[in-house]
Amino acid sequence: MIIIRLLLITLLAFTPNAFSETFETDIVQAALERTQHNVRYDGSYMSIPYPNGDVPANIGVCTDVIIRTYRAIGTDLQKLVHEDMLANFGAYPSKRIWGMSSTDKNIDHRRVPNLQAFLSRKGEKLAVSNDASDYKAGDIVTWMLTGNLPHIGLITNNVSSISNNPLVVHNIGAGPKLDDMLFSYKITGHYRYVPSKYRESSL
């Protein structure tokens, strides 16, 4: 029995796209699980631990959905964003937008423009289109809301029976929700970030 299990694990390791599919399954399940939490929308600045720091579980904003989703699959965006900003501060918009001259582990990863910079640098920056089929489960999308407010969410494998668009997990003010809103606002970015543990396992 042990030998059979080892053979199955070996076969899986060398099956094309096996770990890509595993990532999509894991990230979507983690994102959907976020919709089960009662979270009050609150973007107040707070001092939090590092690494793996988080604001209280009952509050959060759109970026916290992404951060908590990735943390559920073992990836700490607080640490990853901080380390890249520390080494490449000029590649991030913190000085231009917020007038900062150095990194801040409490807030940097909770800002949409910083996540956009990180995803562009460390993940895949994908095309923005009006074709729903271009957006795959596990992709991250950013929007500009009315009032020049940046927003971020994660594409799932759930599809709207009305529009046929993939549904998005996001927090636009009423807590983490699964919504048909992909084309409701101007899309400003389309990304895919597969953590190293999935990429390395597929080699």
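Computed from the coordinates by the stated procedures, all read-outs in this text should not be read as laboratory data. Computed from a predicted structure; not experimentally measured. As a convention, Cβ positions derive from the backbone with ideal geometry for all residues, glycine included, and neighbour counts pool all protein chains shown.
Modelled label positions at Ser196 and Thr25, each set 7 Å beyond Cα in the direction of Cβ, lie 2.5 nm from each other. The alpha-carbon positions of the stretch 18-82 define a convex hull whose volume is 82 Å³ per residue.
Normalising the average separation of contacting C-alpha pairs (under 8 angstrom, six or more residues apart) by the number of residues puts the relative contact order of the chain at 26 percent.
For the stretch 130-176, place one equal point scatterer on every Cα, skip the solvent, and apply the Debye formula. What is log10 of I(q)/I(0) at q = 0.30, 0.32 Å⁻¹? So the normalised log intensities are -1.15, -1.18. Rounded to whole numbers, the Karplus 3J(HN,Hα) couplings from phi for the stretch 176-188 are x, 9, 9, 10, 8, 9, 3, 10, 7, 9, 5, 7, 10 Hz, using 6.51 cos²θ - 1.76 cosθ + 1.60 with θ = phi - 60°, and x at Gly and Pro. Which Cα, out of Thr103, Tyr135, Gly60, lies furthest along the positive dipole direction of the chain (beta carbon charges, K/R +1, D/E -1)? Most positive-ward Cα: Thr103. Rounded to the nearest 20 debye, the dipole size of the chain about its Cα centre is 360 debye, using +1 on the Cβ of Lys and Arg and -1 on the Cβ of Asp and Glu. In the chain, helices alone account for a calculated mean residue ellipticity at 222 nm of -10500 deg cm²/dmol, with every DSSP H run of four or more residues adding -39,500 (n - 2.57). Ordering 98-105, 113-120 by mean Cβ neighbour count within 10 Å, with the highest value first, yields 113-120, 98-105.
Kirkwood Rh over alpha-carbon pairs of the stretch 96-180, then Stokes-Einstein at 20 °C and 1.002 mPa s: what D in µm² s⁻¹, rounded to an integer?
Answer, rounded: 148 µm²/s.
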